[in-house]
1. Using all alpha carbons of the stretch 246-310, what is the percent of pairwise distances in each 10 Å bin, ordered from the shortest bin to the longest?
2. So, counting K/R as plus one and D/E as minus one, what does the shell of residues with Cβ under 11 Å around residue 235 add up to?
3. So with the 1.4 Å probe, I'd like the accessible area per residue for the stretch 57-152, rounded to whole Å².
4. Lysine pairs in the chain 8 or more apart or on different chains: how many have alpha carbons under 23 angstrom apart?
5. Leaving out ligands, DNA and RNA, what percent of the accessible area of the stretch 101-157 is carbon and sulfur, probe 1.4 Å?
6. Below 11 angstrom from the Cβ of residue 52, what's the summed charge of the other residues (Lys, Arg +1; Asp, Glu -1)?
7. Express in nm, to one decimal, how much length is gained between residue 281 and residue 257 on full extension, taking 0.36 nm for each residue of separation and deducting their alpha carbon distance.
8. Run through the DSSP bridge list for the chain and note the antiparallel percent, rounded to the nearest 5.
Amino acid sequence: MILRVLAATALLALGGPASAQVPPNAALPFVLKELAPGVYAAIDGPEHQSGSNAGFVIGDDGVLVIDAFFYPEATRVLVGEIRRLTPKPIRYVVNTHYHADHTGGDQVLRDAGAVIIAHKNVRGWVRTNNINLFGDRITPEIKARIETLPLPDVTTEKDLVVWLGTRKVVVRTVLGHTGGDLTVAVPDARVLFTGDMLWRKVPPNLIDGSVAQWTATDAEFMRMPNAAQTRFVPGHGDVADVRDVAEFRAYLLSLRRLVGEGRKAGLKGEALVGSVAPKLRQLHPDWTISDRAIAAEVKYMDQELAGTKQRPVPQPD
Ligand SMILES: [Zn+2]
């Protein structure tokens with residue numbers, strides 16, 4: 001990967017026609033990382049051309065993909081990379097939750113042959129609640145895309161085991177991010193795809209979350225028997241280890257404590273944000289924390305502590 005990027009840079013520096021000479025995968029919208037034989041993380045780059053992280057597992061007789069990105073163009077590149085690595089069929093995509101930055105490319109994967117597996121609640125939310133996710137940034141194009149996102153083919157509210165030949169993939173239901181969250185574990189490789197239950201060095205989106213449940217789930221990750229040897233693929237940010245899980249959980253606990261202290265001091269709205277943001281940044285100096293993200297987090301944390309937080313409601317089938 002690094003060699004290809006260097007080669008591409010060298011060609012550009014020489015002023016040559018890059019499109020003719022650079023291999024097609026020289027500038028991927030994500031960084032592909034092989035974490036174990038046949039287990040790959042696709043990490044969104046700093047320009048967010050994919051919208052979130054994804055990954056895939058190559059088994060004896062097929063491929064299982066975890067999450068679908070937001071941009072279908074990036075998902076098409078992901079399918080191309082899988083095709084470059086293996087001729088085995090792409091049999092499944094597991095959506096870790098309904099948010100469009102993880103489901104936006106589902107149709108590309110379905111067209112490539114995948115069955116879409118998701119939590120039971122995703123069917124009721126993927127075409128509707130995703131509108132809320134965009135807030136004032138919604139456009140007619142995004143709205144139209146959301147309203148035609150594919151519905152999952154297989155839904156569950158229980159843990160599942162998917163066998164790729166002899167390779168075992170464990171899909172678990174977890175609580176905290178949306179009310180319809182799954183993680184995907186590859187036990188033989190000690191890799192856990194956490195979806196948005198984990199973010200590395202960037203603030204999480206709490207729009208549908210429960211910090212109380214979320215921190216409990218992250219504590220479970222930390223207590224897993226092989227936690228110290230496990231590689232965690234977060235929904236956003238680079239590949240993580242158990243120390244990153246602890247740091248992320250500490251961030252959520254700090255947010256809750258600081259918002260609670262501000263509330264006790266009678267602070268509201270912008271004053272509450274103004275009190276919490278510098279303290280949280282001081283506690284996590286190597287994180288990238290935008291003003292927009294912190295304002296939203298403080299608002300949602302305030303609502304959770306006030307008992308007024310709205311979370312997505314499960315819909316009847
Ligand atoms: Zn999410």
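1. Reading the bins upward from 0: 22, 59, 18, 0.
2. -4
3. For the stretch 57-152, the per-residue accessible area is 38 Å².
4. Count of close lysine pairs: 19.
5. With neighbouring chains kept in place, the figure for the stretch 101-157 is 51 percent.
6. -4
7. So the extension gain works out to 7.2 nm.
8. Of the beta bridges lying entirely in the chain, close to 65 percent run antiparallel.
The values are calculated or read from the model by the stated rules, or taken from the named source; none is laboratory data. Every value quoted in this text rests on a predicted model; they were computed, and no experiment measured them. Quick reminder, even Gly has a Cβ in these numbers, built from the backbone with ideal geometry, and neighbours come from all protein chains shown. Quick note on the areas: whole protein, heavy atoms, side chains included, nothing else; ligands and nucleic acids left out. Shrake-Rupley method; radii C 1.70, N 1.55, O 1.52, S 1.80 Å.
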